Ligand code: I3P
């Protein structure tokens, strides 16, 4: 699955709240491939390799849990992803259908 997702990092690897200055929203072209969610700066181009930045932003969704972020009311279509290493991300999808679809696909692996 691919599509645009805006990401907010809510908690870091230790489960602690992400510090101020690093809590902003950022839009990526997301590619869910196997157990990895790639968050790329630009739309995928087959002739181009992933940049170092893209690899750093990739998230393992093995043993992760995706749910609708019902408690987050500032933006619509936001899902919450908790990873196995205790990170927490918010992702805003482009429609309610897209959000549901991302949640289902993320929880499938
Ligand atoms: C954050 C940025 C986010 C905001 C967050 C701020 O600042 O303004 O948009 O989240 O608030 O800390 P920075 O870019 O300097 O990290 P919201 O959009 O959800 O308000 P928060 O700390 O209450 O999460």
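May I ask you to list the residues of segment 1-33 whose amide nitrogen lies under 17 Å from a point 7 Å from Cα along the Cα→beta-carbon direction of residue 43?
Counting only backbone N, you get 1-6, 27-32.
What nm distance separates the two modelled labels at residue 2 and residue 109, each placed 7 Å from Cα along Cα→Cβ?
Modelled inter-label distance: 1.5 nm.
Could you calculate the FRET efficiency of residue 52 with residue 72 from 1/(1 + (r/R0)^6), where r is the beta carbon distance between them and R0 is 41 Å, rounded to 0.05?
0.85
For segment 1-42, what does the alpha-carbon gyration tensor say about shape, rounded, prolate or oblate, given a ≥ b ≥ c as the root eigenvalues, a/c under 1.5 as rounded, and a/b over b/c as prolate?
Oblate.
For the chain, state what percent of all Cα-Cα pairs lands in each successive 5 Å bin, counting from 0 Å until the bin that includes the largest distance.
2, 13, 23, 28, 20, 11, 3, 1, 0
What is the gain in length, in nm to one decimal, between residue 94 and residue 29 on full extension, counting 0.36 nm per residue of separation less the C-alpha to C-alpha distance?
22.2 nm
Coordinate-derived values only; no laboratory data. Keep in mind that this is a model prediction, so the values were computed, not measured. We place every Cβ from the backbone using ideal geometry, glycine too, and count neighbours over all the protein chains shown.
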